[in-house]
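Since the structure comes first, as structure tokens, the remarks are kept for the end.
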Amino acid sequence: LEIQELLTTFFVQV
Amino acid sequence: MFEARLTQGALLKRLLDSVKELVTDANFDCSETGISLQAMDNSHVALVSLSLRAEGFNPYRCDRGFSLGVNLNSLNKIMKCAGNEDVITLKADDSSADSLCLLFENSSNERVSEYELKLMDIDQEHLSIPETDYDATVMMPSAEFQRICRDLMVVSESVTIDVSKDEIKFTAEGELGTGNVKLKPTSTIDKPEESITIELGQTVSLQFSLKYLSNFTRGTPLSDQVMLCLSDNMPLLVEYKMDIGYIRYYLAPKVGD
């Protein structure tokens, strides 16, 4: 099973 | 006062067409250096970052920085009313911008149409995208990338991209079976737009959703080449470069079990 990561895991919200 | 006149209006039509599936509402941030937009899709899996330099417009005037909150579906509907050869001018009163004026002039200038788009207040979170020294940077014909995404979609909705020194490999595995496409670097001097180049720091293998990648390939008409940047456990960067600027798509990876 593949889990789709979220961008907010990698890029900081400013 | 904000005014931006683009002689090749078709470019703006294509640009909007390439983001309309991904985001519905977005802020166009206008400053004296140009127009930029950054927006994530609703599921926060993908992001589009658009940048158009002031030099690409003539004239370009932006007395002070401000944002145009736009519903992209509505803007797209109005852009459909512009001819592919039309010169497109965007205008707004930058102090109380409650609407965006769009002017479409045909080349012989005997047909001018003017539309006003109501603007919205969009409070969007902004992501800071770190400058990344990618493990692998691949340049290839944009049509080739579009075809690979479309072909492998028949096999699976996920694709694994493996980049090594002398090959980029796209692999899909699904119910019906498997499929893969391997490309080797080529450097055809006479046709640079056909060339495939791989700049490798270290080999990298990542998995992505083909649904999103196919969506990104709506940017294909904007540039002959597409740049893919990959780093282990980092979002993929897909960039279509134009004279006037660029459109960049970021996609978070999938992690297998």
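FYI, it's all coordinate maths here, none of it is from the lab. This is a predicted model, so every value here is computed, not measured. Cβ placement follows ideal geometry from the backbone for every residue including glycine, while neighbour counts extend to all protein chains displayed.
Of the residues making up region B:28-59, those that are within 14 Å of chain A (Cβ to nearest Cβ), surrounded by 21 or more Cβ atoms within 10 Å (Cβ to Cβ) and over 14 Å from the mean Cα position of the chain (by Cα) number 1.
Scanning region B:240-257 for residues that are more than 14 Å from every other protein chain (Cβ to nearest Cβ) and part of a strand (DSSP E or B) turns up B:TYR240, B:LYS241, B:GLY245, B:TYR246, B:ILE247.
For B:LEU15, indicate whether it is crowded, with 18+ Cβ neighbours inside 10 Å, out of contact with any His (no Cβ under 9 Å at 6 or more places or on another chain) and within 14 Å of another protein chain (Cβ to nearest Cβ). It is false that B:LEU15 is crowded, with 18+ Cβ neighbours inside 10 Å, out of contact with any His (no Cβ under 9 Å at 6 or more places or on another chain) and within 14 Å of another protein chain (Cβ to nearest Cβ). Does region B:149-156 contain any residue that is more than 22 Å from B:MET227 (Cβ to Cβ) and either in contact with a Pro (Cβ under 6 Å, 6 or more places away or on another chain) or surrounded by 13 or more Cβ atoms within 10 Å (Cβ to Cβ) (or both)? Yes, the conditions are met somewhere in region B:149-156.
Yes or no: region B:60-76 includes at least one residue that is of a type in the set (A, V, I, L, M, F, W, C) and surrounded by fewer than 17 Cβ atoms within 10 Å (Cβ to Cβ). The answer is no, given that none of the residues of region B:60-76 is of a type in the set (A, V, I, L, M, F, W, C) and surrounded by fewer than 17 Cβ atoms within 10 Å (Cβ to Cβ).
Restricting to region B:107-156, what's the tally of residues that are of a type in the set (Ser, Thr, Tyr), over 30 Å from B:GLU194 (Cα atoms) and in a loop (DSSP other than H, G, I, E, B)? Please lay out each step first, then the result.
Here is the first cut: in region B:107-156, the ones of a type in the set (Ser, Thr, Tyr) are B:107-108, B:113, B:115, B:128, B:132, B:134, B:137, B:142, B:156.
So of that shortlist, the ones also over 30 Å from B:GLU194 (Cα atoms) come out as B:107-108, B:113, B:115, B:128.
Those left that are additionally in a loop (DSSP other than H, G, I, E, B): B:107-108.
Matching residues across region B:107-156 total 2.
Among the criteria (1) in contact with a strand residue (DSSP E or B) (Cβ under 7 Å, 6 or more places away or on another chain); (2) touching a residue at least 40 places away in the same chain (Cβ under 8 Å); (3) among the basic types (Lys, Arg), the one B:LYS169 does not fulfil is (2).
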